[in-house]
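Down below is the structure, laid out as structure tokens.
None of the figures in this text is laboratory data; all of them are computed from the coordinates on show. Being a predicted model, the structure only gives us computed values, none of them experimental. Cβ sites come from the backbone with ideal geometry, for glycine too, and all protein chains shown count toward neighbours.
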Amino acid sequence: MTDLSSVLARTFLSDDLKAARQPGSRAKPGSSRVGTVACVLLLALAGGCGGGGKAVVLKNADEVNAAIYGDPPSLVMFYKQGCATCVALEPTFDKLAKEYKGRALVSKYMIYTFTFHVNSWELKKKYDIAFVPTVLLFVDGQEKKRWVVDYKINDYRKALDEVVAPTETQPSSQLSSSPAGKP
């Protein structure tokens, strides 16, 4: 659905820009209310933040709890549908899902709908979700790490590397527990 959202945004926004570039037009890019409102509504209907990718989309509180209390460790992004700051984190989550496949579950759950309806008050309260995106790392059902509006992929990698087994393709010098490969 992210692809559909992109197509819709380009279609409506490009029409808006074309109108603004017409000779004699006093319209400025973004000034077409109809185009802007239509674009926002269509993006919301197309799914916004909950688009496709490699991260597992959790559909309800039961699936979230299964991910949290299951094995392997779980990295869960709590997001809002149509949230621009959440959309910005999706490529990072897709990369992490690919990198940690089989060693960690990288997933996301829509805690807020586009209209700020809370999908699970139980989860919102239990994990104190006030801002989105909020990302939590769980190991054996226990919260180990929390990030709020953090886009640094290496922050997530560092925390995941502390709780998951290394890949078999890592050089043996990286598997050593001593710093910088010192004995």
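Each Lys or Arg adds one and each Asp or Glu subtracts one; over the other residues with Cβ under 14 Å from the Cβ of ALA55, this totals +2.
Relative to the current alpha-carbon distance between ASP150 and ALA88, full extension at 0.36 nm per residue lengthens the span by 21.3 nm. Stretching the chain fully between VAL164 and PHE131 yields a gain of 9.2 nm (0.36 nm per residue, less the alpha carbon separation). Of PHE93, PHE131, PHE116, PHE138, the sequence from fewest to most neighbouring Cβ atoms within 10 angstrom is PHE116, PHE131, PHE138, PHE93.
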